[in-house]
Structures are given as C-alpha cells and as structure tokens.
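A short worksheet on the structure shown next.
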Amino acid sequence: MNLKYLGLCLVFILSFKKEVHRDSWVNLFDGTNLDNWRTYQCDCISKGWTIESEDLVRSGPAKGLVTKEKYQDFILELSWKISKGGNSGIILRANENHQYAFMSGIEMQILDDQFHADGKSPLTSAGAVYGLFPNNSNIVSRDNHWYAVRIEAIGTNIKFYLEGNLINDIQIGSVTWNEAIKKSKFSNLENYGLLSEGNIVLQDHGDKVSFRNIRILAL
C-alpha cells in the first residue's frame, strides 16, 4: 500500500475518533461509582459523599466534590434534590488556589427557598447565579423534590436553565457583569469567574443534598 495513502487514512481515523469523543456525552455520575470525582484539594473522596440508591449524596461532613477533568466549553446536565432548609451549589470553571471553590468559580445556587433565609432574595435563591444574577421564576417551591439543571458554557457566555426554563444568560466581562461584580461579595477576589477552563464542583455547604444523572458534553 502507498505509504502516503496509508498516512492520510491514519490522519482521518484519528481525526474521526477525536470528533466522536468531542461530540459524545460523558456520564460524570451514573449511579454506580465516583471514578470521575475527587474531593476539593485532595486526591481522595471524603466519607461524607456517598452513593445511596444510585444517587450521589452529601450525607455527612465533607469538602466540595470536584471533577478530575477540567472543562472549557461544555454543556452540563444534572438533577438535584435539597433537604429541608438546605443549601448547596454547582460551581463552574473553578480552580483550587482558594480555600473554597466559590471563590474562583461561578456558582448556580441550590437551595430550599421556602425554609432557608437566602430564599428571600432572588440573588441568592435556587437557580440564581449566586450573588450576581437573580432567579425571578419561583420555580423551586419545595424541598426533597428533584429539579433538572442544564448549563451551557461557551467562551464568555453561560446560559443557566432550571426545569427547562432559561433563568440567566450571562456574558462574562460585559458591562452588566462588571457592575454585578462590583456590587457583590466577590469584588475583592482577583479574577473571580474569569477562568476560561476549570473544574466543576458540587458544593458542600453543610447540608444534605443529592444529585443524579450527571453528564457533560465537552464542546
């Protein structure tokens, strides 16, 4: 066989495999194992993160759970269920240079709006981009109920969906973004939310929270 032809075939095959991988959904948690995760700032899994009836549960003291892989552009889907009065979050493109992941990555709030004080403000209620952009939909009405999330992060644009409803469509670095940062508790954190790539973190905020059907599409 012509070596030049063989080389072109090999390049095509490798390119095809790369495209298939890029365009394929990956189960970050399918109910059976935590192979894609570790504890924040630790090459371990804290005992507080457990698998119960195929759900991922923060059942006891633990630090945040972070993906082993870093992601740049992606679509993330999952469902969450929060305990009565509970608080947690989904943090995007975080790094581990700070004590807590929320100090570097943008957080979509998980909350029991009815029984937690943060539920009184749209800026900190469930589904909000925590402390920056509100959720005015009042979709989350009860605890111990499953809610579906979809997050589309492409470059500086991030869209946040809750129960199929677009809650926020933000543009990092825009005038609106800069004004929101100035008014927030993140104003003194250098480069907050500006990382183009980072880990996804499931927050431990001291309360029981459950996750299921976690999958990601790297773009």
query = Hey, does the range 134-147 have a residue that's in contact with a Leu (Cβ under 8 Å, 6 or more places away or on another chain), part of a strand (DSSP E or B) and at negative phi?
reply = yes
request  = Counting only residues that are open to solvent by 40 Å² or more (accessible area, probe 1.4 Å), give me the strands (runs of 3 or more DSSP E) lying completely in the range 71-126 with at least 1 of them.
outcome  = 74-82
query = Here are Leu166, Leu217: which of them is in contact (Cβ under 8 Å) with a residue 60 or more places away in the chain and not in a loop (DSSP other than H, G, I, E, B)?
reply = Leu217
Residues being basic (Lys, Arg) and in contact (Cβ under 8 Å) with a residue 24 or more places away in the chain - total across the range 169-206 = 1
message = If I ask for residues that are out of contact with any helix residue (DSSP H, G or I) (no Cβ under 9 Å at 6 or more places or on another chain), touching a residue at least 24 places away in the same chain (Cβ under 8 Å) and part of a strand (DSSP E or B), which ones from the range 50-70 would you list?
response = Glu52, Asp55, Leu56, Val57, Arg58, Leu65, Thr67
task = With respect to Arg150, determine if the residue is open to solvent by 50 Å² or more (accessible area, probe 1.4 Å), in contact (Cβ under 8 Å) with a residue 60 or more places away in the chain and not in a loop (DSSP other than H, G, I, E, B).
result = yes
query = Which residue, of Thr32, Thr39, is modelled with pLDDT of 95 or more, over 27 Å from Tyr100 (Cβ atoms) and β-branched (Val, Ile, Thr)?
reply = Thr32
note = Just one listed residue, out of Val175, Val140, Val129, Val149, is modelled with pLDDT under 95, out of contact with any Gly (no Cβ under 6 Å at 6 or more places or on another chain) and hydrophobic (A, V, I, L, M, F, W, C), and it is Val140
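The values are calculated or read from the model by the stated rules, or taken from the named source; none is laboratory data. On a predicted model such as this, the values are computed, not experimentally measured, just so you know. Reconstructed Cβ throughout: ideal geometry from the backbone, glycine too, with neighbour counts over all protein chains shown. Side chains included, ligands, DNA and RNA excluded: accessible areas come from the protein's heavy atoms. Shrake-Rupley method; radii C 1.70, N 1.55, O 1.52, S 1.80 Å.
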